[in-house]
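Colleague: Can you read through this structure? Questions will come right after.
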Amino acid sequence: MPDSSTSAAIPNTPAQRMILRTTRDARNDRLFRWVLLSCAMLVLLALLGAVASTLWGGRLAFHTFGWKFLVSDQWNAVTGQFGALVPIWGTLMTSLIAMLLAVPISFGIALFLTEVAPSWMRAPVSAAVELLAGIPSIIYGMWGLFVFAPFLADHVYPWVNDKLGHLPLIGALFRGPPLGIGMLTAGIVLAIMVIPFISSVMRDVFLTVPTRLKESAYALGSTTWEVVWNIVLPYTRSAVVGGIFLGLGRALGETMAVTFVLGNAHQLSASLLMPSSSIASVIANEFTEAVSPMHQSSLIALGFLLFVVTFIVLAIAKLLLLGLARRGGTE
Amino acid sequence: MTISIKVRLAVLAAASVFTLGSVQATEVTGAGSSFVYPVLSKWSVAFHAKTGNQINYQSIGSGGGIAQIKAATVDFGASDAPLSQKVLHKFGLGQFPLVIGGIVPVVHLAGIKAGQMRLTGPVLAAIFMGQITRWNSPILVKLNPSIKLPDAAITVIHRSDGSGTTYNFTNYLSKVSPDWKSKIGFATSVPWPAGVGGKGNEGVSAYVEQIKNSIGYVEYAYALQNQMSYTQLQNSTGQFIKPSNTAFSAAAATADWAHAKDFHLLMTNAPGAKAWPIAATTWAIMYKKPKNAAHAKTAFEFFKWAFEHGQPLAQSLDYVPLPPSLVKQIEAYWARQFKM
Amino acid sequence: MSADNIWLYRRRRAINLIALVLGAAATLFGLFWLGWILWVTLVKGFTALGPMLFTHSTPPPPGAGGGLANAFLGSLIVNSIALAVGVPVGIGAGMWLAEYAKHGKLGGVIRFLNDILLSAPSIVLGLFIYTILVKVVGHFSALAGGLALALIVLPIVVRTTDEMLKLVPSTMREAALSLGIPQWKVVMQILFRSARAGVITGILLALARISGETAPLLFTALNNQYWSSNLLKPIATVPVVIFQFALSPYAGWHALAWAGALVITLFILTLSLLSRLILSRSKVTHD
C-alpha cells in the first residue's frame with residue numbers, strides 16, 4: 001500500500017484505517033465516475049464531429065439550393081441541379097420493408113432459441129444466426145446482384161406482378177417490370193442483414209428474465225407463448241426496442257449491400273419493384289467519381305440529411321415508446 | 001529480471017514487425033481511377049522486381065483521385081476526366097495520359113456474335129435516349145441487312161454508379177448527337193432517360209448477360225473476359241470499325257495531342273480512318289513542385305519505365321500502350337513543366 | 001370443465017403451437033439465407049482456396065498464383081486498433097449511462113445521440129476521420145483506418161453495455177453497496193461480470209460488422225498491394241481488396257474475392273463459437 005507507507009502518521013487504530021479507506025474509496029469512486037463520464041463525452045464528441053463535418057462539407061449545396069434541396073427530385077450532375085427527395089424516400093421505404101420483415105422473424109428466432117429448441121441446439125443455432133452479421137456487406141451486395149436478384153426476376157416478381165399488381169390500393173406497389181433489383185429486393189436483403197442484430201439482442205435479454213417470474217406464470221397454467229408474450233416481452237420491452245433500434249440503425253445507414261441491389265435510379269416511383277436510390281447508396285455510388293465541387297458537396301449534404309432523417313425516425317420511435325410505457329404503467 | 005527481458009524481447013519483436021519494409025525502398029502512393037488499376041498494379045509488381053521500389057496504386061475512383069492529389073495525401077492521382085487548365089494552374093498541378101482503352105457497346109441477341117452488329121453514333125444515342133425502342137426498327141434493319149434482328153423491345157442497360165466509362169461514353173454521344181448534347185450532356189453520371197442501371201462494369205455485364213434483347217456499354221476488357229457480343233461502330237470517317245487494340249491505338253495516334261494544352265483532350269470520335277470512336281485514356285496528375293521530391297522522382301522513373309518497357313504487360317490485359325509520338329510529347333512535357 | 005373452458009383451453013394450446021412452429025420456421029428461414037450465401041461463396045471462391053491464400057500477397061491481374069496474406073494481416077491490425085479504441089471507451093460510456101445516468105437528462109441525450117451514431121453511414125464516418133486525420137497528417141494510414149472503424153464499434157458496444165447493465169436486477173446493486181463496497185468495484189467486479197455475456201455478444205457483433213466494412217477504409221487505410229505492417233502507411237484490408245477484385249474483369253481476382261469473403265465469415269463463426277464456449281463455463285444467473 002504505497003500511500004500508507006509514505007504517510008508520516010501510520011494509522012494504527014481500526015477507526016483511523018476505516019477513515020483512510022473511506023476517503024480512498026470516495027476518491028477512487030470520483031475518479032471512476034470521471035473516467036466513465038469522459039468516455040460518454042467521447043461518444044458525444046464523435047457524433048457532433050461527424051455531423052459538423054458533413055454540415056461543413058455540404059455547405060455549398062445547402063447554400064445554393066436552400067430548402068429546395070429537400071423537396072426537389074432532380075439529381076443531375078450535368079446541369080448541377082441536386083435534390084434529396086428520391087434518396088430520402090428510398091431510404092425510408094427500404095428500411096420500412098426491412099423492419100416489417102426482420103422484427104417478426106427475429107422475434108420468432110429469439111422465441112425458438114430461448115423457449116423451444118432443445119438445449120444442445122441453442123448454442124450452434126444462435127451462433128449460426130449471428131453469423132449472418134459476420135458476412136461482409138459487400139458479399140450481400142454481390143450475392144444479391146449475381147444470384148438473388150436474377151432469381152427474384154425469374155421466379156418471384158413475375159408472379160408478384162401478376163397476382164398482386166391488380167389489387168386495388170396496394171396494387172400500385174407491385175406493378176412494374178420484373179428487373180430483380182429495386183426497393184423490395186433491397187428491403188429483403190436489408191432484412192436478412194439486420195435479423196442477426198435484432199434476434200441476438202432479443203435472445204440475450206430474454207435469457208435475463210428471472211426464472212422465478214416465468215415459473216410463477218407456468219405454475220398458474222400459462223402456455224409457453226403466453227409466458228413469452230405476457231411476461232418475457234413486457235419485462236424486456238425497453239431492451240427489445242433497443243435491439244430493434246440497433247437493426248433500424250443498420251438498415252438506415254447500410255451502404256454497400258444496398259448499393260448493389262437498389263439500382264441508383266433518381267426517379268420517384270410508387271412501385272416497390274422499381275429501382276430507386278437511398279442516401280447511403282447514392283453517396284457510395286457517386287462520391288468516388290464526383291468531380292465537380294457542387295456534386296461532391298451535395299453528396300456530403302446527403303450524409304448530413306441522413307443524420308437528420310435518423311434523428312427524426314428515432315425521435316418518433318422514442319415518443320411511441322414513451323406512450324407505450326405510460327399505457328403499460330411500468331417504470 | 002527474466003520477466004523484464006522477456007518483455008523487452010517482445011517489444012523488440014513487435015517493433016521489428018511494425019517497421020519491416022519501411023526502410024529499404026521508396027514507397028510511392030497513388031490513387032484514383034479504377035480503369036487503370038489492373039494495369040498499374042501489374043506494372044508495379046514488375047517495377048518492384050526490377051528496382052525494389054514500391055508503387056502502391058489504389059482504385060478509389062477518379063473523383064477520389066483528384067481530391068487526394070489536391071489534398072496532397074498521395075504522390076500522384078489518376079483521373080478518367082482531365083482537369084481544366086484553370087484548376088491545374090490554381091493547384092500547381094500537371095497531367096499526362098497513362099494508357100489507352102476502349103469502351104464498347106455490347107448486345108444480348110440470340111444468334112448474334114461479337115462484331116456482327118453494326119451501329120452508328122446517332123443510332124446508339126437514339127437507343128440510349130429511348131427513341132429507338134425495338135430491334136427490328138427500320139433504321140437498325142437498314143444498317144444490318146445481313147443479320148436477322150428479332151421483333152423485340154430493346155432493354156437499355158447503363159451504369160448506375162458514377163464512372164469514367166460513362167463520362168467517355170456520354171461524351172461520345174454528345175459529339176455525334178446534338179439531341180443528346182442538348183437534352184442530357186456528359187458527366188460521370190447522367191440522368192438516364194431510359195433503361196436499367198448496373199453497378200460497375202461487372203454489374204452492366206451481368207445484366208446484359210441476364211436480360212435478353214438488351215444493350216449496354218462496358219470497357220473492352222470486360223467484353224472480352226465475359227465473352228460478350230460487342231458491336232461495330234461507324235467512326236467519324238464513315239468506316240465501320242470493330243473494336244481492337246489497333247483501332248484504339250489508331251484513335252490515340254490520330255487525336256490532336258500536339259495542340260492540346262496539358263493533354264486536355266478526349267479521344268472520342270477521333271479523326272483517323274481506322275480509329276475506334278470511343279477510345280479513352282486516364283491521366284496521371286502530379287504536383288509540378290512536389291512536396292516529396294524523392295517520391296516524385298521514383299514515380300517518374302516508374303512511368304518512364306512503363307512507357308518504354310510496359311507494353312507487353314499492358315497488352316496482356318487488353319490495354320493499349322501510348323503511341324511513341326505521344327510518349328515523346330509527354331517526356332518533353334515532363335522536362336518542361338516538372339521540377340525534378 | 002365446461003364446454004367454454006375446453007374450447008378456451010384448446011384455443012390457447014393452438015395459439016401456443018402455432019407460435020412455436022412459427023418461431024422454428026423463422027429460425028429455419030434465417031439459416032436458409034446463411035446456407036445459401038455461404039454455399040455461393042464457397043462455390044465461387046473454391047479455385048482460390050489453398051495454402052497460397054495465406055502465404056502469398058495480393059497478385060497482379062489476372063490474379064493467378066497469389067493470396068490475400070497482406071490483406072489478412074492488415075485487417076487483423078486495423079480491426080485490433082478499432083477494438084482497442086472502441087471497446088474500452090464504449091464499455092466506459094455504457095457503464096456511465098447505465099449506472100450514473102439512468103434517468104438524467106444528459107444520459108438521455110447521449111443515449112439518443114449514440115443511436116444516431118449507430119446508423120451513421122459508414123462512409124460518412126470514414127470521411128470524418130479523413131478530414132480530421134488523413135488530411136491533416138498528409139497521408140493514409142492503418143491507424144486512420146482503425147480509428148474510422150472504432151467509430152463503428154463504439155455505438156454498438158455502448159448500446160449493448162448499457163442495455164445489459166440495466167437488466168442486472170437492482171437487488172444485486174443494493175446488496176453490494178450495502179456491504180460498503182465502493183461503487184467502482186460494484187460496477188466493475190459484480191455488475192459487469194453479470195452483464196458480460198451480453199457485452200461480449202455486442203463486441204462480437206461489432207467485430208463482425210467492421211470485418212466487412214469497405215467504405216470507411218477506402219479513404220483512411222486506403223489499401224496496399226504489398227506486405228506492410230507499418231501503422232503509419234497505407235495498409236491492405238480484406239474488404240477493400242474484395243471490393244476492388246470483385247468488380248474487376250478477371251476471373252482469378254473474382255475467385256480471390258469470394259475466398260476472402262469465405263475466410264472472413266468462417267473467422268467470425270469460429271470466434272462466435274469460441275466465445276460461447278468460454279461464456280458457458282462461467283455462467284451467471286440472476287437468481
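The values are calculated or read from the model by the stated rules, or taken from the named source; none is laboratory data. Values in this document were obtained by computation on a predicted structure and should not be read as measured data. With ideal geometry, Cβ positions are generated from the backbone for all residues, glycine too; neighbour counts draw on all protein chains shown. The area values use the complete protein model at the heavy-atom level, side chains included, leaving out ligands, DNA and RNA. Shrake-Rupley method; radii C 1.70, N 1.55, O 1.52, S 1.80 Å.
Colleague: Looking at region B:268-285, I want the residues that are without any contact (Cβ under 8 Å) to a residue 40 or more places away in the chain and have a partner that is assigned to a strand (DSSP E or B) and open to solvent by less than 10 Å² (accessible area, probe 1.4 Å) with Cβ atoms under 8 Å, at least 6 apart or on another chain. Which pairs are those?
Modeller: B:270/B:279
Colleague: Can you tell me which of A:101, A:55, A:113 is in contact with a helix residue (DSSP H, G or I) (Cβ under 7 Å, 6 or more places away or on another chain), open to solvent by less than 30 Å² (accessible area, probe 1.4 Å) and not β-branched (Val, Ile, Thr)?
Modeller: Answer to the check: A:113.
Colleague: Continuing with the same structure: Taking interchain pairs and intrachain pairs at least six residues apart, which have beta carbon atoms under 7 angstrom, with the first residue in region B:41-68 and closer than 16 Å to residue C:244 by Cβ and the second open to solvent by 30 Å² or more (accessible area, probe 1.4 Å) and of a type in the set (Ser, Thr, Tyr)?
Modeller: B:59/B:34; B:61/B:34
Colleague: Could you list, in sequence order, the residues of region A:48-81 that are aromatic (Phe, Trp, Tyr), under 30 Å from residue C:111 (Cα atoms) and not in a helix (DSSP H, G or I)?
Modeller: If the condition is that a residue be aromatic (Phe, Trp, Tyr), under 30 Å from residue C:111 (Cα atoms) and not in a helix (DSSP H, G or I), then A:67 is the only one that fits.
Colleague: Still on this structure, I have one more. Which of (1) touching a strand residue (DSSP E or B) at 6+ places or on another chain (Cβ under 8 Å); (2) within 25 Å of residue A:296 (Cβ to Cβ); (3) within 7 Å of another protein chain (Cβ to nearest Cβ) is the odd one out, the single condition residue B:188 does not satisfy?
Modeller: Only one criterion in (1) touching a strand residue (DSSP E or B) at 6+ places or on another chain (Cβ under 8 Å); (2) within 25 Å of residue A:296 (Cβ to Cβ); (3) within 7 Å of another protein chain (Cβ to nearest Cβ) is unmet by residue B:188, namely (1).
Colleague: For region C:202-218, enumerate the residues that are of a type in the set (Val, Ile, Thr) and at the interface with another protein chain (Cβ under 7 Å from one of its Cβ atoms).
Modeller: C:214
Colleague: Hey, does region A:288-296 have a residue that's in a loop (DSSP other than H, G, I, E, B), open to solvent by 10 Å² or more (accessible area, probe 1.4 Å) and within 14 Å of chain B (Cβ to nearest Cβ)?
Modeller: yes
Colleague: With region B:1-87 as the region, which strands (runs of 3 or more DSSP E) entirely inside it contain at least 1 residues that are open to solvent by 60 Å² or more (accessible area, probe 1.4 Å) and modelled with pLDDT under 90?
Modeller: none
Colleague: Look through A:87, A:150 and report the one residue that is surrounded by fewer than 21 Cβ atoms within 10 Å (Cβ to Cβ) and either part of a helix (DSSP H, G or I) or within 11 Å of chain C (Cβ to nearest Cβ) (or both).
Modeller: Just a single option satisfies the conditions, and that option is A:150.
Colleague: Let me ask something else. When you go through B:168, B:144, B:201, B:136 one by one, which is the residue that is in contact with a Lys or Arg (Cβ under 7 Å, 6 or more places away or on another chain) and either modelled with pLDDT of 95 or more or away from chain A (no Cβ under 11 Å) (or both)?
Modeller: Only one candidate qualifies: B:144.
Colleague: Please tell me if residue B:219 is over 29 Å from residue B:323 (Cα atoms) and either among the polar types (S, T, N, Q) or open to solvent by 10 Å² or more (accessible area, probe 1.4 Å) (or both).
Modeller: It is false that residue B:219 is over 29 Å from residue B:323 (Cα atoms) and either among the polar types (S, T, N, Q) or open to solvent by 10 Å² or more (accessible area, probe 1.4 Å) (or both).
Colleague: Scan region A:215-237 residue by residue and report those that are open to solvent by less than 40 Å² (accessible area, probe 1.4 Å), in a helix (DSSP H, G or I) and either among the hydroxyl-bearing types (Ser, Thr, Tyr) or more than 11 Å from chain C (Cβ to nearest Cβ) (or both).
Modeller: A:217, A:224, A:232, A:233
Colleague: Quickly run through region B:181-208 and pick out the residues that are of a type in the set (Val, Ile, Thr) and under 22 Å from residue B:266 (Cα atoms).
Modeller: B:184, B:188, B:190
Colleague: If I ask for residues that are among the hydroxyl-bearing types (Ser, Thr, Tyr) and open to solvent by 10 Å² or more (accessible area, probe 1.4 Å), which ones from region C:31-70 would you list?
Modeller: Across region C:31-70, the qualifying residues are C:47, C:55, C:57, C:58.
Colleague: Give me a count of the residues in region A:265-280 that are within 30 Å of residue C:127 (Cα to Cα), open to solvent by 10 Å² or more (accessible area, probe 1.4 Å) and of a type outside the set (Gly, Ala, Ser).
Modeller: So the count comes out to 4.
Colleague: Could you go through region A:121-136 and let me know if any residue there is at the interface with chain C (Cβ under 9 Å from one of its Cβ atoms), over 16 Å from residue C:35 (Cα atoms) and not polar (S, T, N, Q).
Modeller: Within region A:121-136, one or more residues are at the interface with chain C (Cβ under 9 Å from one of its Cβ atoms), over 16 Å from residue C:35 (Cα atoms) and not polar (S, T, N, Q).
Colleague: Any residue that is in contact with a Phe, Trp or Tyr (Cβ under 7 Å, 6 or more places away or on another chain) and charged (D, E, K, R) - is there at least one of those in region B:88-110?
Modeller: No.
Colleague: Let me ask another. Just need a number here: residues in region A:182-197 that are touching a Lys or Arg at 6+ places or on another chain (Cβ under 9 Å) and at pLDDT below 90.
Modeller: Looking only at that region, the number is 1.
Colleague: Now for a separate question. Run down C:127, C:165, C:106 and say which single residue is more than 16 Å from the chain's Cα centre (by Cα), closer than 17 Å to residue C:195 by Cβ and not charged (D, E, K, R).
Modeller: The unique qualifying residue is C:165.
Colleague: Something else now. Any idea which residue in region B:243-267 is surrounded by the fewest Cβ atoms within 10 Å (Cβ to Cβ), counting only those that are without any contact (Cβ under 8 Å) to a residue 40 or more places away in the chain and under 30 Å from residue B:116 (Cα atoms)?
Modeller: The extreme case among them is B:246.
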